[in-house]
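**Student:** Sharing a structure, written as structure tokens. Questions coming.
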Amino acid sequence: GALVVAAARRAGAASVVASDLSETSLAIAKRMGADDVVLVGSGAQLPAVDVAFEASGAARALGGVLAAVRRGGTVVQVGNLPAGPVTA
């Protein structure tokens with residue numbers, strides 16, 4: 001995830017928001033260039049975004065990513081999901 005943050009920043013993203021279950025990972029994301037971070041499970045909502053990258057590979061994370069992307073937005077699956085159907 002931190003490398004996705006760095007790549008988005010380098011590519012010129014207007015704003016980069018990272019979310020994670022770990023405060024340590026979020027601190028790394030901030031150092032890598034995230035403008036804002038959201039601790040999953042804290043009750044904080046992810047802002048609506050045009051493009052979202054899912055880098056954990058956890059099927060449960062996909063629902064939050066889909067909810068955060070604006071209508072007509074783009075989801076990029078970077079993490080590898082498990083084989084078989086995934087319910088978001």
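**Student:** Hey, does the stretch 21-38 have a residue that's among the acidic types (D, E), in a helix (DSSP H, G or I), touching a strand residue (DSSP E or B) at 6+ places or on another chain (Cβ under 8 Å) and more than 12 Å from V5 (Cα to Cα)? Reasoning before the result, please.
**Tutor:** Restricting attention to the stretch 21-38, the residues satisfying the condition of being among the acidic types (D, E) are 23, 35-36.
Filter once more, keeping what is in a helix (DSSP H, G or I): 23.
Cutting the leftovers down to touching a strand residue (DSSP E or B) at 6+ places or on another chain (Cβ under 8 Å) gives us 23.
Now restrict to residues that are more than 12 Å from V5 (Cα to Cα): 23.
Yes - at least one qualifying residue is present in the stretch 21-38.
**Student:** Which residues, counting only those in the stretch 40-75, are more than 23 Å from V86 (Cα to Cα) and within 12 Å of the chain's Cα centre (by Cα)?
**Tutor:** Taking the stretch 40-75 first, the residues more than 23 Å from V86 (Cα to Cα) are 42-44, 47.
Answer for the stretch 40-75, where residues must be more than 23 Å from V86 (Cα to Cα) and within 12 Å of the chain's Cα centre (by Cα): just P47.
**Student:** Only one of (1) under 11 Å from the mean Cα position of the chain (by Cα); (2) crowded, with 16+ Cβ neighbours inside 10 Å is not met by A13, so which one is it?
**Tutor:** Checking A13 against (1) under 11 Å from the mean Cα position of the chain (by Cα); (2) crowded, with 16+ Cβ neighbours inside 10 Å, the one that fails is (1).
**Student:** Report the residue count in the stretch 49-87 for those that are touching a Lys or Arg at 6+ places or on another chain (Cβ under 9 Å) and over 17 Å from V5 (Cα atoms).
**Tutor:** Matching residues across the stretch 49-87 total 0.
**Student:** Could you run through the stretch 1-47 and say how many residues are touching a Leu at 6+ places or on another chain (Cβ under 8 Å), over 17 Å from V65 (Cβ atoms) and not aliphatic (A, V, I, L, M)?
**Tutor:** Going through the stretch 1-47 one residue at a time, the tally reaches 1.
**Student:** Then there's this: Please go through the stretch 59-74 and pick out each residue that is loosely packed, with under 12 Cβ neighbours inside 10 Å and either out of contact with any strand residue (DSSP E or B) (no Cβ under 9 Å at 6 or more places or on another chain) or among the hydrophobic types (A, V, I, L, M, F, W, C) (or both).
**Tutor:** R60, R71
Since every read-out is calculated from the coordinates, none of them should be taken as a lab result. All values reported here derive from a predicted model rather than from experimental measurement. Virtual Cβ from ideal backbone geometry, glycine too; neighbours counted across all protein chains shown.
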